[in-house]
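Reading through the structure tokens given below for one structure.
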Amino acid sequence: ASKNKSMLTAVNIFLLIVGFPVYVIGKTLNFLPYYFAKFTADKTCKDIEFHAAVNFGVGALLLIILFPLELLVVWLLFKSWLFLLLYTALKSLCGIIGLQYTVFKKKVLGAFRLQKIKKASPELYVNLQQQRELIINFIFK
């Protein structure tokens, strides 16, 4: 519970709000490789064990193909090395930050849901915490 409670700090809530526009930019600029790779993995993988590998491989291949094409289009539209450099930095940084933000968002929103359960149904909360401890003890013993 202490881990989830620590996620509900004012700083984390502030970062959740401030980071959202960067997350949206990263998702938008990296939409094609990300979603087409996921779509391909969902359609081709019968076994869940291979899903991540196919997703990564298709995403990497698409990035290698599409990123130079995007840069070419940006160059043809603006004919500016500075704008090309800014676009490359923006796409890369927002994509990396977006990946980190996704995990962070899940943790903070999960902490909110846990707080809601704790207030609405304390007995369910205690039961969930006990089950969590049993699972952790089972795994690490």
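For the chain, set up a Gaussian network in which alpha carbons nearer than 10 Å are linked by springs, and say which option among Leu90, Leu72, Leu63 fluctuates the most.
Sorting by GNM fluctuation, first place goes to Leu72.
Place a +1 charge on the Cβ of each Lys and Arg in the chain and a -1 charge on the Cβ of each Asp and Glu, then give the dipole magnitude about the Cα centre in debye, rounded to the nearest 20.
500 debye
Would you please name the trypsin sites (Lys or Arg not before Pro) within region 1-102 that are DSSP coil residues with at most 16 other C-beta atoms within 10 Å of their C-beta?
Qualifying residues, ordered by number: Lys46, Lys79.
In whole Hz, what ³J(HN,Hα) sequence does region 22-35 give by Karplus (6.51, -1.76, 1.60; θ = phi - 60°), x for Gly and Pro?
Those phi angles translate into 5, 4, 5, 4, x, 5, 5, 6, 10, 4, 4, x, 5, 6 Hz.
Would any residue of region 8-49 have its amide N under 15 Å from a label point 7 Å out along Cα→Cβ of Ile97? List them or say none.
Hits in region 8-49 for Ile97 at 15 Å: 14-30.
Indicate the gyration tensor shape class of the chain (rounded, prolate or oblate), computed on the Cα atoms with a ≥ b ≥ c the square roots of the eigenvalues: a/c under 1.5 is rounded; otherwise a/b larger than b/c is prolate and the rest oblate.
oblate
Give me the percent of accessible area attributable to carbon and sulfur for region 1-132, probe 1.4 angstrom.
75 percent
In nm, to one decimal, how far is the modelled label at Gln131 from the one at Lys116, with both set 7 Å along Cα→Cβ?
For Gln131 paired with Lys116, the spin-label model returns 1.8 nm.
How do Ile64, Ile13 stack up against each other in accessible area, from largest to smallest, with a 1.4 angstrom probe?
Details: Ile64 120, Ile13 55 Å².
Result of the area sort, largest leading: Ile64, Ile13.
Please turn the phi angles of region 61-71 into ³J(HN,Hα) values with the Karplus equation 6.51 cos²θ - 1.76 cosθ + 1.60 (θ = phi - 60°), one per residue in order, whole Hz, x for glycine and proline.
Once rounded to whole Hz, the list reads 4, 5, 4, 4, 7, 7, 4, x, 5, 4, 5.
For the chain, what is the relative contact order in percent, using Cα pairs closer than 8 Å and at least 6 residues apart in sequence?
For the chain, the relative contact order is 39 percent.
Tell me, what is the per residue accessible area of region 68-111 in Å², probe radius 1.4 Å?
69 Å²
The values are calculated or read from the model by the stated rules, or taken from the named source; none is laboratory data. Note that the structure is a prediction, hence the values are computed from the model and not measured. Cβ: placed from backbone, ideal geometry, glycine included. Neighbour counts: every protein chain shown. Just so you know, the surface numbers come from the protein's heavy atoms only, side chains and all, with ligands and any DNA or RNA stripped out. Shrake-Rupley method; radii C 1.70, N 1.55, O 1.52, S 1.80 Å.
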